[in-house]
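Have a look at the structure below, then the notes.
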Amino acid sequence: MDTPEIEPTTEPPRQHGSRGASDPVLSRLAREEPLTWWNPAVDSARGLAASGVDPALVDDAAARLERFRPWIAATFPETAPARGLIESPLDEAGEWQRVSGIRTGRVLLKRDDILPVSGSIKARGGVHEVLQYAETLAVRHGLLPEPPRPGPDYTVFGAEPFRRLMREHRVVVGSTGNLGLSIGIIAAALELRATVHMSVHAQQWKKDLLRSRGVEVVEHSTDYTEAVAAGRVAAEADESVHFVDDEHSLSLFAGYAVAGARVARQLHDLGVAVDAEHPLYVYLPCGIGGAPGGVAYGLKREFGDAVHCVFVEPTRAPCMLLGVYTGRHDGISVAELGLDTRTVADGLAVGRASGFVGRAVEGLLAGYVTCTDEAMLSQVRSLHGAEGMVVEPSAAAALDALRRVAHEGAGENPMKIPDGATHLAWLTGGGMLPDHVRAGYLA
């Protein structure tokens, strides 16, 4: 069901009661109504300057991923044709666009559902952080020179001295699923020991897959925030343990942000112009915020005001919209609105957003969309029927947002969309879905 957007105020409200009964946006969030909220504070130049993120970190991440390409190609055969580049294609979605009634502009799909290594966007940040940790260990122990000084081909990470060093160390992460998969898979390939603390929302098949790779899985009966906290505590007392902090990690953020320059090259190769007359609208499913936040930052570096990034969240877990709208960021949880984060979109089942990411991107995002479980599952089926693809409900959230914004943009609203626009739905996961899970989503 299409839902009219909430008109933005001049400044986001800052103080509210526990359920936000007197505020129209918070009232609709509490009632689990799907809505669109356009950010009145978006300003690309000021937003980038105020983000607190050093762009050199993103360039450093890109260089590190380049150094590791020989090892990646040798370790993950699916990346060999691209010589170790972990990247996904941009695909046309003409039939889905037609059946969705979107008559203007062009629709593209960013296929991170088939991103190599772990079949989700989390491979971007997760792989980068683990590789950075492995590289740091190798330099610290004299196995590599300090980058960017020239050193050996990084296939040496497969040699016994490197493997022996890795086996003496461990990475720990808290996850609802996909980040844990990416961390666990890349850590196991390096022979790092790995522990993944998984929340109550994590699906059993993801736990089983990790265990099959030799990863320790610690199950929690609590939500994502508690799983992350448990992982942090478990790692604090041991110097041989590295905690991947999904709430605060600059390494994760930088790994995701590398996608900005890569998408710019892909669009150029497709002949897609991105400028004031041909704006780019990007729809990014959002959980705690690290992956979409990093991608949005990278895209803003490339395109400035010509790109409009929209975060998409479940109606039962709109933590980033809540944090940014109230200005409280990680100081507020959706539980204060009476929401329980129980959603079919397990990767987005987060009650409290990353304060670091919320503050870093609050001036960069054009808007926020919330959608129901029913709408996400409907888009899973719609995409399969139109394009033959099967994605997770979390990824399909981007499609529901795209459809709604495109239709709303044909009328009178703050984001009047020109005919020359390109809409890009970031399909964030689904490539590793077992057959029985796929069948359940399509039923």
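The values are calculated or read from the model by the stated rules, or taken from the named source; none is laboratory data. As the structure is a prediction and not an experimental result, all values here were calculated from the model. FYI the Cβ positions are ideal-geometry reconstructions off the backbone, even for glycines, and counts take in every protein chain you see.
Within the bounds of segment 93-102, is there any residue that is part of a helix (DSSP H, G or I), of a type in the set (S, T, N, Q) and at pLDDT 95 or above? Talk me through it step by step, then tell me what you get.
Quick first cut of segment 93-102, residues part of a helix (DSSP H, G or I) only: 94-99.
The next check asks that each one be of a type in the set (S, T, N, Q); those that pass are 97.
Of the ones still in play, those that are also at pLDDT 95 or above are 97.
Scanning segment 93-102, I find at least one residue that is part of a helix (DSSP H, G or I), of a type in the set (S, T, N, Q) and at pLDDT 95 or above, so the answer is yes.
Restricting attention to strands (runs of 3 or more DSSP E) lying wholly within segment 257-371, give those where 2 or more residues are touching an Asp or Glu at 6+ places or on another chain (Cβ under 7 Å), of a type in the set (S, T, N, Q) and not assigned by TED's automatic domain parsing to the domain that holds Leu90. Can you show your working first?
Values: elements: 280-285, 307-314, 365-371.
Ranges flagged: none.
Can you tell me which of (1) touching a residue at least 60 places away in the same chain (Cβ under 8 Å); (2) outside any helix (DSSP H, G or I); (3) of a type outside the set (Val, Ile, Thr) is the one Leu179 doesn't meet?
Against the list (1) touching a residue at least 60 places away in the same chain (Cβ under 8 Å); (2) outside any helix (DSSP H, G or I); (3) of a type outside the set (Val, Ile, Thr), Leu179 comes up short only on (2).
Working carefully through the options Arg164, Arg149, find the one that is modelled with pLDDT of 95 or more and either assigned to a loop (DSSP other than H, G, I, E, B) or surrounded by fewer than 14 Cβ atoms within 10 Å (Cβ to Cβ) (or both).
Just one listed residue meets the conditions, Arg164.
Filter segment 117-168 for residues that are out of contact with any Pro (no Cβ under 6 Å at 6 or more places or on another chain) and among the β-branched types (Val, Ile, Thr) and give the result.
Val117, Ile121, Val127, Val130, Thr136, Val139, Val156
Among the candidates Val357, Val350, Val380, which residue alone is modelled with pLDDT of 95 or more, of a type in the set (A, V, I, L, M, F, W, C) and touching a Gly at 6+ places or on another chain (Cβ under 6 Å)? Please lay out each step first, then the result.
On the way: Val350 fails: modelled with pLDDT of 95 or more; Val380 fails: touching a Gly at 6+ places or on another chain (Cβ under 6 Å).
Among Val357, Val350, Val380, only Val357 is modelled with pLDDT of 95 or more, of a type in the set (A, V, I, L, M, F, W, C) and touching a Gly at 6+ places or on another chain (Cβ under 6 Å).
Give me the pairs, please: first residue somewhere in segment 212-231 and outside the structural domain of Arg342 (by TED's automatic domain parsing) and buried (at least 22 other Cβ atoms within 10 Å of the Cβ), second residue anywhere and in a loop (DSSP other than H, G, I, E, B) and among the acidic types (Asp, Glu), beta-carbon distance under 9 Å, and either six or more positions apart or on two chains.
Asp223/Asp340; Tyr224/Asp246; Val228/Asp245; Val228/Asp246; Val228/Glu247; Gly231/Asp245
Filter segment 93-129 down to residues that are surrounded by fewer than 23 Cβ atoms within 10 Å (Cβ to Cβ) and basic (Lys, Arg) and give me whichever is nearest to the chain's Cα centre (by Cα).
In this case the residue turns out to be Arg111.
Looking at (1) outside any helix (DSSP H, G or I); (2) among the charged types (D, E, K, R); (3) farther than 19 Å from Gly52 by Cα, which is the one condition that is false for Glu247?
In the conditions (1) outside any helix (DSSP H, G or I); (2) among the charged types (D, E, K, R); (3) farther than 19 Å from Gly52 by Cα, Glu247 misses (3) alone.
For the condition assigned by TED's automatic domain parsing to the domain that holds Glu239, crowded, with 24+ Cβ neighbours inside 10 Å, at pLDDT 95 or above and not charged (D, E, K, R), what is the one hit in Ala159, Ala187? Lay out the reasoning, then the answer.
Working: Ala159 fails: crowded, with 24+ Cβ neighbours inside 10 Å.
Matching residue, one of Ala159, Ala187: Ala187.
Could you look through segment 49-92, keep only residues that are among the small types (Gly, Ala, Ser), over 20 Å from the mean Cα position of the chain (by Cα) and in a helix (DSSP H, G or I), and pick out the one that is surrounded by the most Cβ atoms within 10 Å (Cβ to Cβ)?
Quick first cut of segment 49-92, residues among the small types (Gly, Ala, Ser) only: 49-52, 56, 61-63, 73-74, 80, 82, 84, 88.
Keeping just the survivors that are over 20 Å from the mean Cα position of the chain (by Cα) gives 49-50, 56, 63, 73-74, 80, 82, 84.
Now restrict to residues that are in a helix (DSSP H, G or I): 49-50, 56, 63, 73-74, 80, 82.
Numbers: Ala49: 10, Ala50: 15, Ala56: 9, Ala63: 13, Ala73: 18, Ala74: 16, Ala80: 13, Ala82: 13.
Residue satisfying both the conditions and the ranking: Ala73.
Given the conditions (1) over 14 Å from Val130 (Cα atoms); (2) surrounded by fewer than 17 Cβ atoms within 10 Å (Cβ to Cβ); (3) touching a residue at least 24 places away in the same chain (Cβ under 8 Å), which single one is not true for Ala257?
For Ala257, the failing item is (2).
Here is a list of conditions, (1) under 26 Å from Ala259 (Cα atoms); (2) crowded, with 21+ Cβ neighbours inside 10 Å, and Leu144 meets all of them except one; can you say which number that is?
Among (1) under 26 Å from Ala259 (Cα atoms); (2) crowded, with 21+ Cβ neighbours inside 10 Å, Leu144 violates only (1).
Mind counting the residues in segment 9-39 that are at pLDDT 50 or above and polar (S, T, N, Q)?
Of the residues in segment 9-39, 4 are at pLDDT 50 or above and polar (S, T, N, Q).
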